[in-house]
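Heads up: the structure comes next, in structure tokens.
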Amino acid sequence: MILDYHMHLEADDHGERCRFTPERIRLYAEHARVQGAREIGISEHCNRFAEFRPVMEDVLSQAEGEELEAWYRLSFRESLDAYVEAVLRAKAEGLPVKLSIEVDYIPGKEKVTREILARYPFDYVIGSVHFIGTWGIDVSPEIGWPEADVDRAYQEYFRLLEQAARSGLFDILAHPDLVKKFGHRPSYPLDELYDAVARAAKESGAAAEISSAGLYKPVGELYPAPGLLERFFDRGVPVTLGSDAHAPEHAGRGLHRAAKAAAEAGYRTVTRFDGRRPTQVELG
Ligand SMILES: [Zn+2]
Ligand SMILES: [Zn+2]
């Protein structure tokens, strides 16, 4: 089975109000099905929702760069209740859709994050590291990267991802080597950092996402790199598949390549979730 467990109902520019409707979810399900994905999960970004202001306010209010200032202005405008209700309605109409959310891991905000998440019937929660401190690493190669120490950025990114896994807040770790998005590479081998993340994921029971989104970014590769995926396999960490689509026509895009990478790494199954309980289903 091929699943697409990571997608957004709106583009990242927050240019207009979100369209959280079953009709829009149906479009994503249809496009995903054409690409072979029989089940989808909607995973809107947490900063869209007023409820997540206590988690994201500090980071977004201080984040640098025009794009992030715009994000900040347009964040916290939606209601998590309305979002959840739209996905549940789509489910009730028989669409093969799961209710999820993509949540930033912000150190120090674990407790409030846990409290918000506990109030909703999510099928699974995706955890992401998009920020090192107040630096949004995946926004633009012009933000933070020109002055960055790339070696250090990699270390900090993977340390945060390891902490995210250990927090126990998340069922899935998203795009597990996002730090490579614009093609920056460290001067040292990544084996130790990879292994620390894989160990933390195993110990916390989180699955790792194989994301096709990186194929369409400057780096031009799946997240994670083969070396990290092998490490996940060796440690016994299960996987999910996700396109990270931000438009219906991108749902399911590239997932056959993600599934192929999983098989090449040794995986025979992918993870499905229902009410935050994982089960393994045969890949393919
Ligand atoms: Zn993300
Ligand atoms: Zn995403």
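Here, each number is a calculation from the coordinates, and none is a lab measurement. Predicted model only: the values in this text are computed from it and were never measured. So basically every Cβ, Gly included, is an ideal-geometry build from the backbone, and we count neighbours across all protein chains shown.
Quote the relative contact order of the chain in percent (integer), defining contacts as alpha-carbon pairs under 8 Å separated by 6+ residues. Let's see the in-between values first.
On the way: 588 pairs, mean separation 63.0, N = 284.
Computed value for the chain: 22 percent relative contact order.
Which order, highest average first, do 33-43, 147-157, 202-212 follow once you tally other Cβ atoms within 10 Å for each residue and take the mean per peptide?
Those peptides, ordered most packed to least, come out 202-212, 33-43, 147-157.
At q = 0.07, 0.08, 0.10, 0.17 Å⁻¹, what log₁₀ I(q)/I(0) does a Debye calculation on the Cα points of the range 2-266 give, no solvent, two decimals?
Each listed q corresponds, in turn, to -0.22, -0.28, -0.45, -1.48.
Using θ = phi - 60° and the Karplus curve 6.51 cos²θ - 1.76 cosθ + 1.60, what whole-Hz ³J(HN,Hα) does each residue of the range 50-60 get, with Gly and Pro shown as x?
Couplings: 3, 4, 8, 3, x, 7, 9, 4, 4, 5, 5 Hz.
Given the -39500 (n - 2.57) contribution per DSSP H run of 4+ residues, what per-residue ellipticity at 222 nm results for the chain, rounded to the nearest 500 deg cm²/dmol?
Values: 9 runs with 106 residues, N = 284.
So the calculated ellipticity at 222 nm is -11500 deg cm²/dmol.
Cα centroids of the range 197-250 and the range 173-194: how far apart, whole angstrom?
Comparing the Cα centres of the range 197-250 and the range 173-194, I get a distance of 12 Å.
Looking at the range 88-122, which trypsin sites (Lys or Arg not before Pro) are in a loop (DSSP not H, G, I, E or B) and have at most 11 other Cβ atoms within 10 Å?
Here the trypsin sites (Lys or Arg not before Pro) that fit, given the DSSP loop and packing criteria, are ARG119.
Got a sec? Which residues in the range 194-236 would a label at VAL150 touch, if it sits 7 Å along Cα→Cβ and we count backbone N under 20 Å?
Answer for the range 194-236: 194, 214-228.
May I ask which residue of PRO248, PHE182, TYR267 lies farthest towards the positive end of the charge dipole of the chain, with charges of +1 (Lys, Arg) and -1 (Asp, Glu) on Cβ and the Cα centre as origin?
The one lying farthest along the dipole's positive direction is TYR267.
Amide H to amide H under 5 Å from LYS98: which residues, 5+ apart in sequence or cross-chain, H placed 1.01 Å off N in plane?
Those lying under 5 Å, H to H, from LYS98 are ILE40, GLY41, ILE42.
Quick one: dipole size for the range 1-116, taken about the Cα centre, charges +1 on Lys/Arg Cβ and -1 on Asp/Glu Cβ, in debye to the nearest 20.
I would put it at about 580 debye.
Using +1 at the C-beta of Lys and Arg and -1 at the C-beta of Asp and Glu, which of GLY136, ALA208, ALA148 has the Cα lying farthest in the positive direction of the dipole of the chain?
Positive-end residue among those listed: ALA208.
With +1 assigned to the C-beta of every Lys and Arg and -1 to the C-beta of every Asp and Glu, and no other charges, what is the dipole magnitude of the range 2-266 about the Cα centre in debye, to the nearest 20?
760 debye
Could you tell me the number of lysine pairs in the chain with C-alpha atoms less than 28 Å from each other, where the two lysines are 8 or more residues apart or belong to different chains?
Eligible lysine pairs with Cα atoms under 28 Å apart amount to 18.
If I take all pairs of Cα atoms in the range 146-221, what percentage of them are more than 17 Å from each other?
Working: 1304 of 2850 pairs.
For the range 146-221, the share of Cα pairs beyond 17 Å comes to 46 percent.
Run the quick spin-label model on PHE182 and LYS111: label points 7 Å from Cα toward the beta carbon, then report their separation in nm to one decimal.
3.6 nm
Ratio of Rg to Rh for the range 102-177, alpha carbon only, Kirkwood?
Over the Cα atoms of the range 102-177, Rg/Rh equals 1.01.
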